[in-house]
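Everything on this sheet refers to the single structure shown next.
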Amino acid sequence: MDKKSVADSIDNGIGQFAAEASIVIDDVTPLFDISAYPEEMHGLVKECNQRIEEANTKYRIARYREDMFAKGLKAGMYFCTFDRDENLTGFEFNDETRQMLGYDGLDDLPNEFDSWVKTLVPEERDAIVKLFWDSVRIHRDLPDITHATYRMQKKDGSIIWVTGAGRFIRRPDDGSLEIYMGCYRDITAQQELEEYLKIIEAIGKVFNFSMFIDVSDMSYRMISTNEYVEMVPKDPDAIKFLKNNVASSVAESFRQGLYEWLDKDKIIAAVNEHATTSMEFYSESAHRWFEGIFMVGDRNEDGSLAHIVYGCQDTTDAKLQSLAQQKKISEFETEIYIDSLSQIRNRKFLDEKLIFEPCKAVVMSDIDRFKEINDTAGHQCGDEVIKNVAQILEQSVRKDDVVIRYGGDEFLMVFFDITKEDLENKLSFLKSQLKKIKIDNFEQISISMSFGGAFGTELVSNMIGTADNALYESKKIRDTYTVIEI
């Protein structure tokens, strides 16, 4: 049959037919311009375009379905009827709605209001049901057609996004609500694409170099890049490409650590356990500090990682600010916590920073016959003695241990990890070292100290009294030490 015969058949047939132009869909997501990317990236760009086109196709189909419904054809629909007191008397789904939600027929999803409630995502259910009843209550103040977008839960538990257009049909005599009908369309593909593009855009803004990596084969798509990355030899494997970046631009002292970090199995394990793994390094090319970060991209249905994201973030400004703050803190602590004469920690540091810390040992000590030194050689000599004693004590303890000028010629030492035997050996060694002190112009001055130690595992505050008692015992003899075990 020719085209004219078909047209005549329709015109002369039973029923009324009307033709009109289809809707124009011009709000789909645009594809990437392949020509704007280097040739070696064309394959990746094409793959990305293919995914966008698939999402666009789903979106176009959904729009056409919506348009078909608007013209009176079938779509996912619901149908509510009300009595004159606007009480719900009936609720129906059509078969397309059941199919959209994965249900098989009327027995699987009955025509009941509770069936619709069951299809809502649990954590959003109460709010959406309230919205439904609120709209029924104030329907006279609403336009005939309303729209809503929300999530629904399919029979298999998966979640889809739907947008609904509902229409109020009111009784002509009193304006009461007689029918409330509407349609659904599944916009999951469009919603996921929009969210995905938002994530990609956000990643590109945060990181000056970033990649979206397929865990199965470590292929990747570049999200954002910079001039230094562009100079690096490309490799289809993300890990190899990142190692090329390390070799090309990272300071040599950081390379080995980064090579060890850039291990696929270690990265996957770390991201699975902690959601992220990172490492800081210095770029010789850019003369900047950076932090490389791997994080979750998305997961497969079984929960395994499908994609991971790598981002490289410039941390130079934050690092410089942190260093400046540390310098200020250091200068502040030097000013208030360092004894001006001995140049070691002072009593204020003990009282404000150390007093309630747990430790293994506290040693109290003072210089034997120090008053005689001041009386016979003068206070200038006494100051030199204190400086020399402080220097020997400070140099004889580990970095984590603390030496404090407790007051006058008294000193306190705090040890955080030491055995009793090592403590006694340490005090014996200090006795011998102190005897080597020689003060210029006062060669006749001989230096010795008495030590009292408290050994155990206790707070510093609880050890000082015991150490002081031990020092009292040592002072009876002088030039010795006494250790009391708690």
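The values are calculated or read from the model by the stated rules, or taken from the named source; none is laboratory data. Given the structure is predicted, the values throughout are model-derived calculations rather than measurements. So basically every Cβ, Gly included, is an ideal-geometry build from the backbone, and we count neighbours across all protein chains shown.
Some notes on this structure:
- Residues that are of a type in the set (K, R) and on the phi > 0 side of the Ramachandran plot, drawn from region 353-379: R369
- Going through (1) touching a strand residue (DSSP E or B) at 6+ places or on another chain (Cβ under 6 Å); (2) surrounded by 14 or more Cβ atoms within 10 Å (Cβ to Cβ) one by one, T89 falls short only on (2).
- Filter result for V414 (assigned to a strand (DSSP E or B), among the β-branched types (V, I, T), assigned by TED's automatic domain parsing to the domain that holds E352 and within 20 Å of S340 (Cβ to Cβ)): no
- Options E273, E260: the member that is at pLDDT below 90 and not hydrophobic (A, V, I, L, M, F, W, C): E273
- Between T163, T149, the distinction of being surrounded by fewer than 16 Cβ atoms within 10 Å (Cβ to Cβ) and either assigned to a strand (DSSP E or B) or polar (S, T, N, Q) (or both) belongs to T149 only.
- Screening the candidates N226, N244 for the property of being within 21 Å of E39 (Cβ to Cβ), in contact with a strand residue (DSSP E or B) (Cβ under 6 Å, 6 or more places away or on another chain), in contact (Cβ under 8 Å) with a residue 12 or more places away in the chain and not aromatic (F, W, Y) yields one hit, N226.
- Checking S249, S285, S253 one by one, the residue that is of a type in the set (S, T, Y), in contact with a strand residue (DSSP E or B) (Cβ under 6 Å, 6 or more places away or on another chain) and modelled with pLDDT under 90 is S249 and no other.
- Residue tally, condition farther than 14 Å from T376 by Cα and either without any contact (Cβ under 8 Å) to a residue 12 or more places away in the chain or in a loop (DSSP other than H, G, I, E, B) (or both), over region 426-446: 6
- Meets criteria (surrounded by fewer than 13 Cβ atoms within 10 Å (Cβ to Cβ) and under 20 Å from R185 (Cα atoms)) for D141: no
- With a requirement of 3 or more residues that are among the small types (G, A, S), the helices (runs of 4 or more DSSP H) lying completely within region 216-293 that satisfy it span 238-249.
- Number of residues in region 447-486 that are surrounded by fewer than 18 Cβ atoms within 10 Å (Cβ to Cβ) and either free of Cβ contacts under 8 Å to residues at least 40 places away in the same chain or farther than 18 Å from Q433 by Cα (or both): the value is 17.
- Of all the residues in region 9-41, those that are surrounded by 12 or more Cβ atoms within 10 Å (Cβ to Cβ) and modelled with pLDDT under 80 number 6.
- Within region 122-144, residues that are more than 15 Å from L88 (Cβ to Cβ) and assigned by TED's automatic domain parsing to the domain that holds I160 reach partners that are part of a helix (DSSP H, G or I) and of a type outside the set (S, T, Y) with beta carbons closer than 9 Å, at six or more positions or on different chains, in the pairs R125/V117; R125/K118; I128/V117.
- Unmet requirement for K436, which otherwise passes all of (1) touching a strand residue (DSSP E or B) at 6+ places or on another chain (Cβ under 9 Å); (2) on the phi < 0 side of the Ramachandran plot: (1)
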